[in-house]
Every structure is written in structure tokens, then in C-alpha cells.
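Here's the structure we're looking at; comments come further down.
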Amino acid sequence: MSCSIPEPSQPTSTVPPVMATRYGGSSLAEMTTIGVGGPVARVVNATSEAEIIDAVRTADEEGTAVLVVGGGSNILASSKPFDGVVIHDMRSEIETLSEDSCGGAQMRLTAGTAWDEAVVYAVEHGWMGLEALSGIPGSVGAAPVQNVGAYGQEVAETLAQVRTWDRATNKVRTFFLSDMKFGYRDSILKRSIGEFGSSPRWIVLSVTFHMRRATLSRPVRYGQLAGRLGIELGERAPSSDVRAAVLELRASKGMVLDDADRDTYSLGSFFTNPVLTEEQAALLPPEAPRFGVAKHDAVNQIGAAAPTVAGQVKTSAAWLIDHAGFSAGYNMPGPAALSTKHCLALTNRGGATGEDIARLAREIGDGVEEKFGVRIVPEPVLVGLEI
């Protein structure tokens, strides 16, 4: 996918900008899906790329901590005050760059756009490659940082470019797919977190995707999804049907936001699935799940299957947690407890602090390591906390 990305003066199609909800700025608990986090010193609700760059550059020059927040679905923050600036990208814009470029279509989205809006736009336009990523909370800007994935798809398979602000050089930098160094829930952007605080060195401004034109989905390679669709593994289905099935599956696991359901006051899947060597995997019980590790950024044709990484085996964090004695609903009634629907989600049952969630995560991680000799890694960005 090395096709050039056009820079038209008048895009083929543009969705009118939609402003996101302004953050009032009283606490991170009000800005995150898990509802925990302390008061913040200052909030910038940015409505343009220039405002974002100016806010980040100014804070860096002052030596002030920076936290860029989109949907707040991947941040676990301490109850202590955040003595820095929270920057909220309020832009929500999608533009079609091309309907037929190198056999596919291209769209560019501002980083503040809700991720599911990107999926809906692609499905409605008949573009293949994002349909299984339906219902993931958060913003477009966070997607390439985490290399978000679900039900056999990852962002790396369709990403073309990421436009960023480089905090080290004070310049705009564009990353192409080969620059991103994607891994399982990982990227060069994510690996810079810590060096520059809780947000990466490179702040995402916009993301461009290149997708195949097709109303049918990619071949379905996730057993549970295939079963819900009533098809065999490797078969395709209408993308709209795949989206609906994914949303049903996510809702059954408490992974679709619902203000009335405390199971959804979470950060989604809290731990990543461990990637092991073949020797490490051999030490697990025979019944433990084992999967190949897909190298999604090595796909050389839109819609093609990703090759697997030799010598690596992925197992299920949910299976390890459950079989280490931490079943769904563990530690109920809380205030911090596992979801009653899915043991991979840590939830705020009401009144929990970030410290409560971190304490539970530490207990689970220690228990899994003691039982299986595998250390499971938290997925969320930690602000003022350690696990």
C-alpha cells in the first residue's frame, strides 16, 4: 500500500465538522469512561490544529505536563490532582480523498473524531477493512497509537498516514505505514510515552486510511464472530452485518458504553493478550488457547491476510485471568471489580478511585504470574499510577 495520498484543494466528499462535547475541566473522572481521576489544573478545548500545536508547544516550553485526551477510554488516572494541561481535540471531521486510488478508497480524519464514526463512514461508503472494529470507544487519534484491534482486524491493515506534531523538534511530521513500526497493540508512538510524560512525543493531528472498495467484509478469522454470523471461518459477509454482529458481541461483554450499566464503566480490555516464545507457551496447560501472532503491517495487498510472526505464540489474557481464580464479577460489589460479563474488564462500580482500580489490576497480574509464570501487561495509559 505505497500509493501516494492526494492533497486535493477540494476533497471528493467532506462531512461537516461536528464539535465534540466540551470538557468542563474539573476532573479526569469526568473525562474518562471508567470515571476515575483527580482534578486538573487547566483544560484546553481545541477547535483547530493550530490551537492543539500551540497548547502543546507552550506547555512543553513551560515544563508543564501535557495530557491529550480524546474519548478517555484508555486512561487510568490517580485521584491526586493533575498539575498540568489537558488538551481535548474537539474536531470531528471526515473527508474522502479519493473513491478510487490504487484500487481502493482513501479518507482522512481529524484526531478528535470518534472512532466509531470512522467505521460507520467506511461501511456506509462500501469500503472494507474497519467493520470488525465497530463499537470501540475512543478517538481516531488514539487508534494508531495503540494499533487498536478486535475480532481479527487491526488498524495497521488499513492505515496509510499519520500526521503528527513532534514535541522534540517542534515540527509537523507525517508517518507512513512503514514508519509506524506497528506491533500487537503497539507502535512507535506508544513507545515514546514516558519519555515525554503521559502523552507520546508525537501528538496525532489526523489519520489517513486506504481501504478496498467492497461491500463484503474482509474474510472473518475470529471464531466467535463467524459463529454469530452463521458462516465458516475465512468466509466473508456483508460489512453491515459484520458491524451489527460485532456490536452485539461487544454489548454482551459490557464493551459498549451504557450509562445505566456499571459493567461499561471500564477501559475495555484492561490487559493485552500475552505474546510468548514457543518455549514459554509450551509451559502453559495444554488447554490454554494458542494463536499465531499476525504481522498486520506486513500486508502487501488491501484485504489480504496478514502473515504470522515466526517463533511467537499469543495466548488469551482472559483465559489466564479466569483460570487463575479471577472470574467475572470478582471483588463485587466493589468499588473496583471485574465486569460481571467479562473478566478482562476492570470496572468502577461506583465511588472507585484510580488507586482502587490499580490495586485490583496488580492483584490480578500477580495472581496470573504466580499461577502460570506469565506477566500480563496493562493496556491503558497510566497517569500518576504504577501497576
Query raised in the report: Roughly how many debye, to the nearest 20, is the charge dipole of the range 94-213 about its Cα centre, given +1 on each Lys and Arg Cβ, -1 on each Asp and Glu Cβ, and no other charges?
Result: 560
Query raised in the report: Can you count the Lys pairs in the range 159-306 whose Cα atoms are under 23 Å apart, with each pair 8 or more apart or on different chains?
Result: 5
Query raised in the report: For Ala251 and His125, FRET efficiency with R0 = 25 Å and r from the beta-carbon atoms, rounded to 0.05?
Result: 0.50
Query raised in the report: What is the dipole size for the chain, taken about its Cα centre, with +1 at each Lys and Arg Cβ and -1 at each Asp and Glu Cβ, in debye to the nearest 20?
Result: 340
Query raised in the report: Net charge near Ala337, counting Lys/Arg +1 and Asp/Glu -1 over other residues with Cβ under 14 Å of its Cβ?
Result: 0
Report task. Can you work out the accessible area per residue across the range 262-383, with the rest of the protein chains kept in place, probe 1.4 Å, in square angstrom? Result -> 43
Report summary line: Heads up, the range 319-387 by the C-alpha gyration tensor (a ≥ b ≥ c square roots of eigenvalues; a/c under 1.5 rounded, else a/b over b/c prolate, else oblate) looks oblate
Query raised in the report: Relative to a virtual label point 7 Å from the Cα of Val172 in the Cα→beta-carbon direction, which members of the range 183-211 show backbone nitrogen distances below 20 Å?
Result: 189, 200-210
Query raised in the report: Taking every pair of alpha-carbon atoms in the chain, what share in percent sits in each 10 Å bin, from 0 to the bin with the longest distance?
Result: 5, 23, 34, 27, 11, 1
Query raised in the report: What accessible area per residue, rounded to a whole number of Å², is obtained for the range 45-134 using a probe radius of 1.4 Å?
Result: 31
**Report entry** Fluctuation leader among Ser178, Ser269, Ser339 - the chain, Gaussian network, Cα springs under 10 angstrom
**Finding:** Ser178
Query raised in the report: When the accessible area of the chain is split by element with a 1.4 Å probe, what percent falls to carbon and sulfur?
Result: 49
Report task. Heads up, I need the accessible area for Ile53: 1.4 angstrom probe, whole protein in place, Å², nearest 10. Result -> 20
Query raised in the report: FRET efficiency for Ser316 and Ser240, Cβ-Cβ distance as r, R0 = 30 Å, nearest 0.05?
Result: 0.55
Query - P(r), alpha carbons of the range 226-362 - 10 Å bins starting at zero, rounded % - result: 11, 29, 34, 22, 4
Requested in this report: Name the most mobile residue of Gln153, Gln280, Gln161, meaning the one with the largest mean-square fluctuation, in a Gaussian network model of the chain with Cα contacts below 10 Å.
Outcome: Gln280
Report task. Quick one: order Asp179, Asp263 from most to least accessible surface, probe 1.4 Å. Result -> Asp179, Asp263
Query raised in the report: Got a sec? Charge dipole of the range 262-383, +1 on Cβ for Lys and Arg, -1 for Asp and Glu; which of Ala324, Thr277, Phe291 is way out at the positive end?
Result: Phe291
Query raised in the report: Charges only on Cβ, +1 for Lys and Arg, -1 for Asp and Glu: so what's the dipole of the range 262-383 about the Cα centre, in debye to the nearest 20?
Result: 240
Report summary line: Nearest-0.05 FRET efficiency for Val377 and Met332 at R0 = 30 Å, using Cβ-Cβ distance, is 0.75
Query raised in the report: Over all Cα pairs of the range 28-89, how is the pair count split among 5 Å bins, expressed in % and running from 0 up to the last occupied bin?
Result: 4, 19, 29, 24, 16, 6, 0
Report summary line: Over the chain, the sum of -39500 (n - 2.57) across DSSP H runs of at least four, divided by residue number and rounded to 500 deg cm²/dmol, gives at 222 nm -6000 deg cm²/dmol
Query raised in the report: Label points 7 Å out from Cα along the Cβ direction at Arg191 and Ala50: separation in nm?
Result: 3.6
**Report entry** Positive-end residue, the chain charge dipole about Cα centroid, Cβ charges, pick of Thr158, Gln106, Val374
**Finding:** Val374
**Report entry** Dipole of the chain [Lys/Arg +1, Asp/Glu -1 at C-beta], most positive-end residue of Leu28, Val86, Leu130
**Finding:** Leu130
Query raised in the report: If Leu130, Leu247 are ordered by their accessible area, calculated over protein heavy atoms with a 1.4 Å probe, which sequence runs from highest to lowest?
Result: Leu247, Leu130
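The values are calculated or read from the model by the stated rules, or taken from the named source; none is laboratory data. Since the structure is predicted, the reported quantities are computational estimates derived from the model, not experimental observations. No Cβ is skipped: glycine too gets one built from the backbone with ideal geometry, and neighbour counts run over all protein chains shown. With ligands, DNA and RNA removed, areas are computed over all heavy atoms of the protein, side chains included. Shrake-Rupley method; radii C 1.70, N 1.55, O 1.52, S 1.80 Å.
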